[in-house]
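First comes the structure, then the notes that go with it.
Each reported figure results from applying straightforward, stated rules to the coordinates on display, with no laboratory input. Given the structure is predicted, the values throughout are model-derived calculations rather than measurements. Cβ placement follows ideal geometry from the backbone for every residue including glycine, while neighbour counts extend to all protein chains displayed.
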Amino acid sequence: MTKLTFILPDGSSQEVEATAGHSVMKTAISNSVNGIVAECNGSLACATCHVFLDDASAAQIDPPGETENDLLDFAAVERQPTSRLSCQVMVDNLPDGAVITMPETQV
Amino acid sequence: MAISVPEYDGVTLEQMYDDPYPTYAMLRKDAPVAWLKPANIHVVTKYEDIMQVERDQETFPSYDNRSLMIKVMGHTLMRRDGDDHKRHRKSLERTFSPVSVKRHWKPIFERIADEIIDDLYDKGQADIFADFAAPYASRCLKEVIGLPNMDWQDLSTWSQAFMDGVGNYGNDPETWARAKAAFEGIDNAIEDHYDGLKANPDYSALSSMFEVEDPIDMADIRANIKVIVGGGLNEPRDVTCTIVYALLTNPDQLKKFLANPALYKTIFEEAVRWVSPIGMYPRKVSKRVEIGGAILDEGDALGLVVASANRDSDRFENADKFDIDREKMAHIGFGAGPHFCAGTWVARAQVGEIAIPKLFERLPNLRLDPEHESKFGGWVFRGPLSVPVVWDA
Ligand code: HEM
Ligand code: FES
């Protein structure tokens, strides 16, 4: 099991035990962590599942694919070097204790 | 406790066509999952219930062997599920990605909008629906699908014929005949453009499906073009009209937009929420399941009423009001889940970023025509039927 910490826009945080095989997006939604909209439910079409990873996690996983990279330019909050679309990040690839920060807004 | 689905028979389809929103409000309150008898379908009207359905493709697939869409257009991506559906979506990515829209489609849409406005300018009056939004949507769509040499009026006629065919539950023979003519018309147009597109690949949907690695069958490519023809014209047309109407009837909001053109994004999304061009779309129930407190059975046909969800007061305050200052909240006018509208970024640029700013910039003192009233109609698909305007030419 991977433990993830979500930091919400109001500064509060929420710890979650993620289920293997789930994306970060699915993990947040099924644990009622607010801050992800995921209009397209993971079809890589909406950019409303934007998150910021901590530096170590971002460095450890494969970089975004072409479409994810393109879509990140259209996220509601401007992208940062560790920005990802959370529907494309599988929890299995993240280090235990990864910290995921939600942007101010997704729309 | 879960109950069997309550039946509702208190409205006629004519009343739904005129204004479905009071019925939706009543259903959300009293029977959020109901058997809407006049339409022969189970309707889901609350936001959270629709999201529950959209997050579970296995229980609620898009494929249905009774589908009129498959009968009218062939087996399009809209009636596919799982990996098969993903493969179809992938084959259209080159056309619909937001980067392609920005780099490739925007200048084309700008040119088309300018040409139509150039022709209208001196008249000083127009029906935004018939004189701008319909030709604009059709001319843009021709380019997007990759059939630029078609006549835009043919495309418009065939688009309507497909939509009528998909809704032909009454088995009207004349409607089938029109749908068949549209089917043949599109196939012939594809045939005419085939060699050119193969020789010079571009960003169009046809070209994208031809050139992708591991392409889908030609019959499926043809079916997908038909679903884009049926689903890519009315919606941008209708939302263009809705925005013009909404801004002209809310002068305070228009003033804000004129002072801050970047508001086009908010305006576009709010219009899609307020009068969702696709009001309802179908899913099938693949196993007995509870939703919104009601029990549905295997084989039941479901209508997800996104037009209602977008007015759900549990999510949107003063939901019946067009209000660009409302708290930002995602709507589901583009659907949700795997079938989330493929044309979202195209529509945002075509209508929100280009058509609306151009109309208000180029037509001085644009206002509703005091002599002629605007009209709205529809429920499965809804939008303005005419928006007569005048300006100082
Ligand atoms: C404001 C304009 C538009 C709205 C509100 C809209 C709405 C929708 C909705 C609600 C769906 C989901 C249907 C379902 O799940 O069964 C959908 C799907 C689709 N739309 Fe749009 N649409 C718009 C514009 C466009 C345009 C301009 C195009 C193409 C040029 C387009 C192409 C498609 C396609 C291909 C699908 C099927 C996606 C799939 O099944 O994976 N749409 N649209
Ligand atoms: S949920 Fe839409 S791109 Fe991730």
Open item on the list: I'd like the Karplus ³J(HN,Hα) series for the range A:31-39: coefficients 6.51, -1.76, 1.60, θ = phi - 60°, whole numbers in Hz, and an x wherever there's a Gly or Pro.
Closed with: 9, 6, 8, 7, x, 10, 9, 6, 3
Task: the protein assembly as shown - share of DSSP beta bridges that are antiparallel (%, nearest 5) - done: 75 percent
TODO: Note down the net charge around residue B:177, summing +1 for each Lys or Arg and -1 for each Asp or Glu among other residues with Cβ under 15 Å from its Cβ.
DONE: -1
- [ ] Using only alpha carbon pairs under 8 Å that are at least six residues apart, calculate the relative contact order of chain A and give it in whole percent.
- [x] 41 percent
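List the relative contact order of chain B as a percent without decimals, with contacts defined as Cα pairs under 8 Å and 6+ residues apart.
27 percent
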Open item on the list: Can you show me the helix-derived [θ] at 222 nm for the protein assembly as shown, built from DSSP H runs with n ≥ 4 at -39,500 (n - 2.57) apiece and divided by the number of residues, rounded to the nearest 500.
Closed with: -12000 deg cm²/dmol
Task: Under 5 Å, built H, 5+ apart or other chain: amide partners of residue A:100 - done: A:5, A:6, A:7
Open item on the list: Please give me the summed charge of the neighbours of residue A:5: other residues whose Cβ is under 14 Å from its Cβ, Lys and Arg +1, Asp and Glu -1.
Closed with: -3
TODO: Using only Cα atoms, locate the centre of the range B:336-393 and the centre of the range B:1-39, then give the distance between them in Å, rounded to an integer.
DONE: 28 Å
